[in-house]
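The values are calculated or read from the model by the stated rules, or taken from the named source; none is laboratory data. Keep in mind that this is a model prediction, so the values were computed, not measured. We place every Cβ from the backbone using ideal geometry, glycine too, and count neighbours over all the protein chains shown. Side chains are part of the model used for accessible areas, which takes the heavy atoms of the whole protein and leaves out ligands, DNA and RNA. Shrake-Rupley method; radii C 1.70, N 1.55, O 1.52, S 1.80 Å.
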Amino acid sequence: MATPLLRESEYVEILSRLTLNRLDTDAAVRFLSTLNAQEREDLVSLANSHHVIVRALTPVLASTIASEDLKNWAAKVILTESERISNALFYLQEICNRLERGGCKVTVMKSLDHWPDLGNDLDLYTTTDERQVQQILIGHFKAKIEPRSWGDRLAHKWNFAIPGLPEAIEVHAQRLGQTGEHTLLAQRFVTRRVIRTLEHRSFFVPAPEERIVVATLQRMYRHFYFRICDIANTAALVQAEAIDFRELKASTEPAGIWPGVATYLAIVSDHVKRYQGTPLELPEEVIAAACFGGDVLRTRARFLRVPLMPHGARLYTHQVKTAAFNGDVPATFRLSLLPPLASAAVVAFKLTGSDKGVW
């Protein structure tokens, strides 16, 4: 059931407080105590959309003011989600290992960034030809290829449904970006990948800089909305001093997305300041390159929205100009297809309630 619009902003606020400020959760816990069964279900649904079920409800278990009923409810929700995550990790490891043995180098993008939560689909990037990936997934796992939109085809993205795995496997082959415009940048997701171990299972994941890149591509150049997990994931990387900002700038500037990266980081910093009292420690060159900050975010349709006009359009224009200036004709052409695709998606959504056939 969709979250009632009148309560949507309240729920996003409470989930943000529980996730980003665990040292002061009493007010949020008191709010949760006022919710009836249906309202709790709505809140969990929204937490699922933001990939923060475990992170948001864990503080409830440690709260000194939470009732036993509230703690029991939180524990039950966390247990159900943890079981889903364990099942997904089992399949994900099997899939990655089989692809690697079959000569397909793969990196798990985005999905594991949310730990101890997990995304609702499992994203992989590979430098291997997509036909080789299909042969392995279909031949060994009995996978079914899901229908592809025009946007999927441009981006070289495939979705696979695998028996026993509720989450879709989303494979990005050789390209990244909303129209598949990034090729050299995309290769870094394999050449610079690192190992991450979760629940005694090991996976190749992007280096911290590429984790910021893919989050930026998704939030600032495709969907134009933030989830609470995006804020929490990126804040954790910055606060752990895991990011080489010079490397990040050097890799994204030629691709025309450095302003988007800087803006993404500025938005995260502003949101963190709202809940933790202090902003992230970002280099001056990041702050100077940011086009706008977190003050533009508005809660609407379940997420924290970035206005497409003029904010998103400004970043897109810079990306197109950079590709053209660099003489990257394929990327320029692909990016030129974005406005008509986006317009078609808006029309499709208004007519049918879904833009999946286009986007």
### Query
Fully extended, how many nm does the chain gain between Thr317 and Asn48 (0.36 nm per residue separation, minus their Cα-Cα distance)?
93.5 nm
### Task
Sum -39500 (n - 2.57) across every DSSP H segment of at least 4 residues in the chain, then divide by the residue count to get the 222 nm mean residue ellipticity, nearest 500.
-17500 deg cm²/dmol
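Tell me, what is the FRET efficiency for Arg196 and Ala161 to the nearest 0.05, using R0 = 30 angstrom and their Cβ-Cβ distance as r?
According to the calculation, E is roughly 0.75.
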### Task
Quote the accessible area belonging to Ile195 in square angstrom, nearest 10, computed with a 1.4 Å probe and with ligands, DNA and RNA left uncounted.
120
### Summary
So, with points 7 Å from each Cα along the Cβ direction, the Thr80-Arg153 label distance in nm works out to 3.9
### Query
Counting other Cβ atoms within 10 Å of each Cβ, which GluC sites (Glu not before Pro) in region 165-194 have at most 12 and sit in a DSSP loop?
none
### Task
Restrict the search to region 237-324; then list the trypsin sites (Lys or Arg not before Pro) that DSSP places in a loop and that have at most 12 other Cβ atoms within 10 Å of their Cβ.
none
### Query
For the chain, modelled as a GNM with alpha-carbon contacts under 10 angstrom, which of Tyr264, Tyr125, Tyr275 fluctuates the most?
Tyr275
### Task
Using only the Cα atoms of region 255-338, construct the convex hull and provide its projected area averaged over every direction, in square nanometres to one decimal.
6.5
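For region 143-216, report the accessible area per residue in Å² (1.4 Å probe, heavy atoms, rounded to an integer).
Accessible surface, normalised per residue, equals 40 Å².
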### Query
Near the amide H of Val194, under 5 Å away, which other amide H atoms are found, from residues 5 or more places off or on another chain, if H is placed in the peptide plane?
Val205, Ala207
